[in-house]
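Only the coordinates and a few stated rules stand behind these numbers; no lab work does. From a predicted model like this one, the values you see are computed outputs, not experimental measurements. Neighbour counts are summed over all protein chains in view; Cβ atoms, including those assigned to glycine, are modelled from backbone coordinates with ideal geometry.
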């Protein structure tokens, strides 16, 4: 009866979910180093979800290591010495990001269908 | 910047999802020892989800340890020596199960809303 543990394909992993948001925030030029955690926590607060610091920054580092995002440092407006760190796509990154988003769209649709099935099956 | 790792309240856990199904299958008198895994795998196959043996049986054992379900052994129809194992609610179990289901309904609704938000936020 023993089986090897293989991914069972249950719901979307948190890391993938966060990477998707970080990509979209980059498209919208809204991804600033210090604001990311606050921004995401505020977004998800009404849904009872509070991402951890480490979860968010692991997702960000994944995207940098995958060659999708790069850090850009800029002087803060009107400030001589203060820098702001933000994120942009690398030259190759935008295309990779679009591919990732397409995969995630399919995955989100699958999860939505699975949850709706569970609601129907268990609560008629 | 260091934080204690607390549950972040992302999507529903697989264990809870499976417990919910096991409760509903018990209500429907469809929970037989040997059939559970096949039944669930068949149900979720179109959704790309294939629960592992250990995941399903841990969920079942949780329900037994929580005093919700009990094992019943019955002679197989027409067979003198073969037994079938199935599951029923304990005396206290039915009420506990209904409470659990109510919690899970709220949780599934929350997850559905979070996924729909992600679809809207990231795919317009």
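Return the Rg/Rh value of the protein assembly as shown, two decimal places, where both radii are evaluated on C-alpha atoms and Rh is the Kirkwood radius.
Radius of gyration over Kirkwood radius for the protein assembly as shown works out to 1.09.
Quick one: among B:93, B:67, B:78, which has the greatest mean-square fluctuation in a GNM of chain B with alpha-carbon springs under 10 angstrom?
The residue that fluctuates most here is B:78.
So what's the gap between the Cα centers of the stretch A:36-84 and the stretch B:67-124, to the nearest angstrom?
Each part's Cα centre sits 39 Å from the other's.
What are the label-to-label distances in nm, one decimal and shortest first, from residue A:84 to the same spot in the other copies, with labels 7 Å along Cα to Cβ?
Copy-to-copy label distances for residue A:84: 6.8 nm.
Kindly give the distances from residue B:121 to its copy-mates, label point to label point, with each label point 7 Å from Cα along Cα→Cβ, as nm values to one decimal ordered shortest first.
Here the equivalent label points are 2.8 nm apart from this one.
Against the longest alpha carbon principal axis of chain B, how many degrees, from 0 to 90 and to the nearest 10, is the axis of helix B:53-65 turned?
Its long axis makes an angle of about 80 degrees.
How big is the stretch B:6-64 by Rg and Dmax over its Cα atoms, in Å?
11.9, 38
On average, how many beta carbons from a partner chain sit within 10 Å of the beta carbon of a residue in B:102-110?
On the way: counts 1, 0, 4, 4, 1, 2, 6, 3, 5.
That works out to 3 on average.
Bin by bin, in steps of 10 Å, what percent of the Cα pairs in the stretch B:24-98 do you find, going until the bin that has the longest distance?
Reading upward from the zero bin: 18, 45, 30, 7, 0.
Peptide B:37-50: average number of partner chain Cβ atoms within 10 Å per residue? Walk me through the numbers before you get to the answer.
Details: counts 2, 0, 0, 0, 1, 0, 3, 6, 0, 4, 9, 9, 8, 5.
What the average comes to for B:37-50 is 3.
For every helix of n ≥ 4 consecutive DSSP H residues, a contribution of -39,500 (n - 2.57) applies; sum these over chain B, divide by its total residues, and give [θ] at 222 nm rounded to the nearest 500 deg cm²/dmol.
One gets -18000 deg cm²/dmol as the mean residue ellipticity at 222 nm.
How far apart, in nm, are the 7 Å Cα→Cβ label points at residue B:47 and residue A:54?
With each label point 7 Å from Cα toward Cβ, the separation is 3.0 nm.
Given springs between every Cα pair under 10 Å in a Gaussian network model of chain B, which of B:98, B:14, B:28 has the largest fluctuation?
B:28
Per residue of A:63-71, what is the mean number of Cβ atoms on other protein chains within 10 angstrom of that residue's Cβ?
Across the residues of A:63-71, the mean count of other-chain Cβ atoms within 10 Å is 0.
How far, in degrees from 0 to 90, does helix A:14-27 lean away from the longest principal axis of the Cα atoms of chain A, to the nearest 10?
On a 0 to 90 degree scale, this one is about 40.
What gaps in nm, shortest first, separate residue A:73 from its twins in the other copies when you place the label 7 Å past Cα toward the beta carbon?
The projected label point of residue A:73 is separated from its counterparts by 7.1 nm.
Top mean-square fluctuation among B:89, B:47, B:17, Gaussian network model of chain B, C-alpha springs under 10 Å?
Taking springs between Cα atoms under 10 Å, the residue moving most is B:47.
With a Förster radius of 51 Å, plug the Cβ-Cβ distance of residue A:106 and residue B:73 into 1/(1 + (r/R0)^6) and report the FRET value to the nearest 0.05.
0.70
Among chain B residues, which Cβ is nearest the axis of the B-onto-A rotation, and at how many Å?
B:11, 2
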